[in-house]
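Report on the following structure.
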Amino acid sequence: MKEYKNTGSKDTRSGFGDGLTELGKTNENVVALCADLTGSLKMDDFKANHPERFFQVGIAEANMIGMAAGMTIGGKIPFTGTFANFATGRVYDQIRQSVAYSGKNVKICASHAGVTLGEDGATHQILEDLGLMKMLPGMTVINTCDYNQTKAATIAIAEHDGPVYLRFGRPKVANFTPEDQKFEIGKAVKLYEGTDVTIIATGHLVWEAVQAAVELNEKGISAEVINIHTIKPLDEEAIITSAKKTGCVVTAEEHNFLGGLGESVARTLAENHPTPQEFVATKDTFGESGTPAQLMDKYGLNAAAIVKASEKVLKRK
Amino acid sequence: MPNINELQDFATQVRRDILRQVHKVNSGHPGGSLGCTEFFTALYQEVMEYNTNFDMDGKGEDLFFLSNGHISPVYYSVLARSGYFPVEELNTFRLIDSRLQGHPTTHEGLPGIRIASGSLGQGMSVALGAAQTKKLNNDKHIVYSLHGDGELQEGQNWEAIMYAAGNKVDNIISTIDLNGQQIDGSTENVLPLGNLKAKFEAFGWDVMEIENGNDIEQVINGLKEAKSRTGKGKPVCILMTTVMGHGVDFMMHTHAWHGKAPNDEQLEKGLSQNPETLGDY
């Protein structure tokens, strides 16, 4: 069984910051806007290198989204930065009308998504953002799993013409995907070939899925692991093909099971190849204060939860 | 010097277009549209530098953003009669498969429109973004925007107003249509706006007033004066007093025609007060 090595834990938001730094050098049309969270979003380098292309908007997310939409008129590619909660729910109508419906080339980059934000608690831990964003026509929705993938995604979305929601997180997590990876929007990445169960994971849960597959292997269960970094457009073919092979599916995400990756997978399978499915996700609840590891454990968002869900879904085949 | 008679004829024809558009589909917003007819006429026929060969990026030309998108009938009429799209297309206002949606949108590809608007309070932010891009592109042209007075009740405006002054965005002219009316009644009764001049000035804007926004000469002079005040470190605001429903006597001085179409008889009466000038579509 292939071994995925953690080359050194890093936060995904640093992947965004470093990707933005690189874009600053390579694409003069890239501009960045931030709502008083420059350090948290790791946008300091871009700001220092390109002060004329960095726009501090203050604690005013609605104005930030509207300005970003306006900045596309004249050829700029705006990247907005704030926490996922303030990047989506707080400004849903601004994104809907001024960005999505208006078809503007804005990249909404969102850090501190999910319960792994930790001690700040539920006011800041959005678990509904993927649902909000994927429902908007024309919106591309990406949730990356580690530093390398986040950096690659940040660079890739500048080349995509259209609105994008890029979601990443706060804590340091395993960095295990290749440094030189080519990020293809909408293309699933298969991490393990397997025959008994398909595990489809996104974001921080991908590393947990890898650990779960190793554990399942020790129990004699062959798990196929798919890293879905793009929730929309969804790589339906990869999902259907794998479900046909294994006959059962577990989805894993740091998000409410209403509206997230799991529901998108369930719809795909219901339409094409109905398959038993278990959901590793929060179950219609808010988060709370705690360390990221404690919260992942309490809300059933880790390798142990994926193993348990896999064993359960195997019995439903 | 502008030919005032010609511009007044243009405005009269626009008023006919507004009434005929909303009458045909028995929906739409004639009140604010009629009140802003002189503003749109002055902007597109006299003040703005633009290409009717529409390009979304709008480099090397002035830009206009309508924030209070419900007054689409006046916007569509003036865009069409300024050469952006065939005047006959006004016949499709609010109909299925039309580019002339109830509220303006880029989604159907109507030339002249650069942002969707209708959900209120978003236009100034968009205009600011476009103005900042003009600066980055070293493009000396101006960004104009129009906002309803009631619309200023939306908090996003004040985020934008604070940003614009704090960051010296001095290539923008935002006009506020002071007609004192909104859907539920007068702004004074619904939610008083207070002293808008003092408010904009306190935020750091250069504020000027157009006392009669239904006098075409005053509007032209005001817009030109505003233009001369750009590039001096402050965003420019015009507080423009208009009469909702102006030019149709029974629609004036009331919020009743904010979002209501005239019936056949009312249409005839309104049209008789605004005789055909450039020719109906």
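At a glance:
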read-out	value
Chains B and A, summed buried accessible surface - 1.4 Å probe, Å², nearest 100	2200 Å²
Residue-normalised accessible area of region B:140-281, given per residue in Å² at a 1.4 Å probe	44 Å²
Members of A:LYS76/B:LYS234; A:LYS283/A:LYS315; B:LYS135/B:LYS227 lying beyond 20 Å, as alpha-carbon distances in this model show	A:LYS76/B:LYS234; A:LYS283/A:LYS315
Residue of A:ILE240, A:ILE200, A:ILE306 that the Gaussian network model of chain A assigns the largest fluctuation, springs spanning Cα pairs under 10 Å	A:ILE240
Exceeding the 24 Å Cα-Cα cut-off - candidates A:LYS25/A:LYS47; A:LYS107/B:LYS140; A:LYS190/A:LYS232	A:LYS107/B:LYS140
Cα-based shape type of region A:148-266, given that a ≥ b ≥ c are square roots of the gyration tensor eigenvalues and the cut on a/c is 1.5	prolate
Average beta carbon contacts from partner chains per residue of A:91-104, 10 Å cutoff	5
DSSP-defined antiparallel bridges as percent of all bridges, the protein assembly as shown, nearest 5	15 percent
Mean Cα-pair separation over length for region A:170-309, i.e. relative contact order, pairs under 8 Å, 6 or more apart, %	26 percent
For region B:125-181 and region A:248-317, distance of Cα centres in Å	45 Å
Angle in degrees between helix A:12-26 and the longest Cα principal axis of chain A, rounded to the nearest 10	50 degrees
Chain A, relative contact order [Cα under 8 Å, separation at least 6], %	18 percent
Normalised convex hull volume, chain B, alpha-carbon set, Å³ per residue	114 Å³
Region A:189-314, accessible surface, carbon-and-sulfur percent (1.4 angstrom probe)	52 percent
Long-range amide H partners of B:TYR144 with built H, under 5 Å	B:LEU63, B:PHE64, B:PHE65, B:ILE173
Descending semi-axes in Å of region A:91-193, equivalent ellipsoid built from Cα gyration tensor	23, 20, 11
Rounded to 5, the percent of DSSP beta bridges in region A:143-246 classed as antiparallel	35 percent
Per-selection metrics, region B:1-107 (Cα): Rg and Dmax in Å	13.4, 42
Crossing angle, helix A:236-246 versus chain A [Cα axis fit, 0-90 degrees, rounded to tens]	20 degrees
Residues of region B:143-161 buried by at least 30 Å² on assembly (accessible area, 1.4 Å probe, chain alone as reference)	B:GLN156, B:GLU159
Residue of B:LEU193, B:LEU43, B:LEU79 that the Gaussian network model of chain B assigns the largest fluctuation, springs spanning Cα pairs under 10 Å	B:LEU193
Average beta carbon contacts from partner chains per residue of B:112-119, 10 Å cutoff	5
HN-Hα J in Hz across region A:114-131 - Karplus 6.51, -1.76, 1.60, θ = phi - 60°, x for Gly and Pro	x, 6, 5, 4, x, 5, 4, x, 5, 4, 10, 9, 7, 10, 10, 5, 4, x
Above-threshold pairs, the threshold being 29 Å between Cα atoms, out of A:LYS182/A:LYS312; A:LYS42/B:LYS199; A:LYS182/B:LYS59; B:LYS224/B:LYS269; A:LYS172/A:LYS298	A:LYS182/A:LYS312; A:LYS42/B:LYS199; A:LYS182/B:LYS59; B:LYS224/B:LYS269
Nonlocal amide H pairs with A:GLU224, under 5 Å, H built at 1.01 Å	A:GLY194, A:THR195, A:ASP196, A:VAL197, A:THR198, A:ILE199
Relative frequency of Cα-Cα separations exceeding 17 Å in region B:83-159, percent	57 percent
Phi to ³J(HN,Hα) by Karplus 6.51 cos²θ - 1.76 cosθ + 1.60 over region A:229-234, Hz, x for Gly, Pro	7, 10, 6, 8, x, 7
Among A:LYS25, A:LYS151, A:LYS244: highest mean-square fluctuation, GNM of chain A, C-alpha pairs under 10 Å	A:LYS25
Descending semi-axes in Å of chain A, equivalent ellipsoid built from Cα gyration tensor	32, 19, 18
Hz values of 3J(HN,Hα) by residue in region B:247-258 - Karplus curve (6.51, -1.76, 1.60), Gly and Pro given as x	x, 10, 4, 7, 9, 7, 6, 8, 8, 4, 9, 4
Reciprocal mean inverse distance between Cα atoms of the protein assembly as shown - Kirkwood radius, Å	25.7 Å
Cα centre as origin, Lys/Arg/Asp/Glu Cβ charges: region A:189-314 dipole, Debye	120 debye
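The values are calculated or read from the model by the stated rules, or taken from the named source; none is laboratory data. The structure displayed is predicted, hence computed values, not measured ones. Positions of Cβ are generated from backbone atoms using ideal geometry, with glycine treated the same way; all protein chains shown enter the neighbour counts. Calculation scope for accessible area: heavy atoms of the full protein, side chains included, ligands and nucleic acids excluded. Shrake-Rupley method; radii C 1.70, N 1.55, O 1.52, S 1.80 Å.
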